[in-house]
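Presented below is the structure to which this report refers.
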Ligand code: MN
């Protein structure tokens, strides 16, 4: 038998309801959209991947519509005829075809990784260096309402085993944010620590002021206090004590990692396959972090169980992941597109051990949440 060959690539956009509204500094989300990518080889095997853009276009990597369009028109056709087991070759081909389209490449690389692992009858992490851990602690993403008046959600999530909470900031005044953090700290009463994430909403002086106010036990990490472009300010805020500084929007590619590492910008770096362009690029970013002595954290785009499972295979095969992860997508979604969602236990996300990504696409759910195809038509 000759090498396998990819013969079909298709995309489906789905809109899934969340259990409750999720608020970022600039967006409120009630429905979350995803593009589900399917790659089929000539022996009939199928791999599934996912692209996500939490809350639409504001985060800045892509939208589900742009991801689907780039795959349908450019990356999918380019991939036809490729051997799905040649993961580096596939990654290089996709990078040549659409260098700036990292979200679309991540979705497609994810589907090819699933297909390759299924063809070999092994879980995906075995193609990424193998399992180093089988569970990752998950930081719980507090809703904005809960942050204003901590109550049931905090108790419920402490009960579920979460020992770290993440609080979005930057939507109101810095003074209001500080007051909210102090309120949540009081409710937590030392039982969990906090990550504050204003998604780059502050300028350097504001960030410095807030950091001074929040330099206290229980505030573990300040994520991306300044805009992603401002590497110099991020570097100046780093290494000042607690809370530690985490880079997210500033860090996408291995080249970003080299630049941030040279500046000593960020005590911790947040990894997301969509920022880097897939599993192999994410591992290259992680390698630079290791070489620079920077700690790692597993970020999320609020993926479904497909993208979350893929991230778990990547995060669980890294040499180190000192700060845990925030893979809460399946916990926030009221509906998923797989038969059995990713599992959680004692505040940890569990690495799926079945073949491929370890989750099975549910055709009926996919069909029921698929966005109707729209078509521009003269006279309609
Ligand atoms: Mn972030």
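Nothing in this text is a laboratory measurement; each read-out follows from the coordinates by a stated rule. The structure displayed is predicted, hence computed values, not measured ones. Every residue, glycine as well, gets a Cβ built from its backbone with ideal geometry; the counts of neighbours run over all protein chains shown.
Each DSSP beta bridge with both residues in the chain is either parallel or antiparallel, and the antiparallel ones are about 55%. Modelled label positions at residue 46 and residue 232, each set 7 Å beyond Cα in the direction of Cβ, lie 5.2 nm from each other. Sorting 44-52, 268-276 by average packing, meaning the other beta carbons within 10 Å per residue, from highest down gives 268-276, 44-52.
Please work out the C-alpha center-to-center distance from the stretch 225-270 to the stretch 68-139 and express it in whole Å. Here the two parts' Cα centres lie 27 Å apart.
Taking N as the number of residues in the stretch 122-200, what is its Cα Rg relative to 2.2 N^0.38 Å? Walk me through the intermediate numbers first.
Details: Rg = 15.9 Å, N = 79, 2.2 N^0.38 = 11.6 Å.
Here the Cα radius of gyration is 1.37 times the empirical estimate.
What ranking of 74, 34, 344 emerges when the number of other C-beta atoms within 10 Å of each C-beta is taken as an exposure proxy, fewest first?
On the way: 74 15, 34 29, 344 18.
Lowest count first: 74, 344, 34.
Each stretch of four or more DSSP H residues adds -39500 (n - 2.57); spread over every residue of the chain, this sum gives -10000 deg cm²/dmol at 222 nm. If you line up the long axis of helix 254-263 against the longest principal axis of the chain, both from Cα atoms, how many degrees apart are they, to the nearest 10? Computed tilt is about 20 degrees.
Using only alpha carbons, build the gyration tensor for the stretch 270-316 and give me the equivalent ellipsoid semi-axes, biggest first, whole Å. Walk me through the intermediate numbers first.
On the way: eigenvalues 73, 19, 15 Å².
After diagonalising the Cα gyration tensor, the semi-axes are 19, 10, 9 Å.
By how many degrees, 0 to 90 and rounded to 10, does the Cα axis of helix 87-97 deviate from the longest principal axis of the chain? With both axes taken from Cα atoms, the answer is about 80 degrees. Listing 29, 226 from fewest to most neighbouring C-beta atoms within 10 Å gives 29, 226. Relative to the longest principal axis of the Cα atoms of the chain, the long axis of helix 204-213 makes an angle of roughly 60 degrees. According to the Kirkwood relation over distinct C-alpha pairs, the hydrodynamic radius of the chain is 20.9 Å. Here residue 69 and residue 182 are evaluated by their C-beta separation; at R0 = 41 Å the FRET efficiency comes out at 0.35. Put simply, the Cα atoms of the stretch 179-233 extend 35, 16, 15 Å along their principal axes, the longest span coming first.
Consider all pairwise Cα distances in the stretch 155-206 and report the whole-number % of them above 17 Å. Result: 38 percent of Cα pairs exceed 17 Å.
Under the simplified labelling scheme, the residue 364-residue 31 pair shows an inter-label distance of 2.2 nm, with each label point 7 Å from Cα along Cα→Cβ.
The stretch between residue 100 and residue 322 holds 77.0 nm of extra length on full extension. This uses 0.36 nm per residue minus the Cα-Cα distance. If the Kirkwood radius is taken over C-alpha pairs of the stretch 131-265, then at 4 °C and 1.567 mPa s the Stokes-Einstein diffusion coefficient equals 84 µm²/s. Where in the stretch 86-100 does the amide nitrogen come within less than 16 Å of the point 7 Å from the Cα of residue 259, taken along Cα to Cβ? So the set is 100. Shape summary: the stretch 71-130 maps onto an equivalent ellipsoid whose semi-axes, from the alpha-carbon gyration tensor, are 21, 11, 9 Å in decreasing order.
Percent of C-alpha pairs per 5 Å bin in the stretch 1-111, short distances first: 2, 13, 22, 21, 15, 11, 7, 5, 2, 1, 0. The mean of 1/r over all pairs of different alpha-carbon atoms in the stretch 188-275, once inverted, gives a Kirkwood hydrodynamic radius of 13.0 Å.
Under Stokes-Einstein, with the Kirkwood radius over Cα pairs as Rh, the value for the stretch 178-336 at 37 °C and 0.692 mPa s is 205 µm²/s.
Diffusion coefficient (Stokes-Einstein, Kirkwood radius over C-alpha pairs, 10 °C, 1.306 mPa s) for the stretch 265-352: 119 µm²/s, rounded to a whole number.
Give the average over all directions of the projected area of the C-alpha convex hull of the stretch 239-284, one decimal, in nm². Working shown, then result.
Details: hull surface 12.2 nm².
The orientation-averaged projected area of the Cα hull of the stretch 239-284 comes to 3.1 nm².
Across the chain, C-alpha contacts under 8 Å between residues 6 or more apart give a mean separation that, scaled by the residue count, equals a relative contact order of 19 percent.
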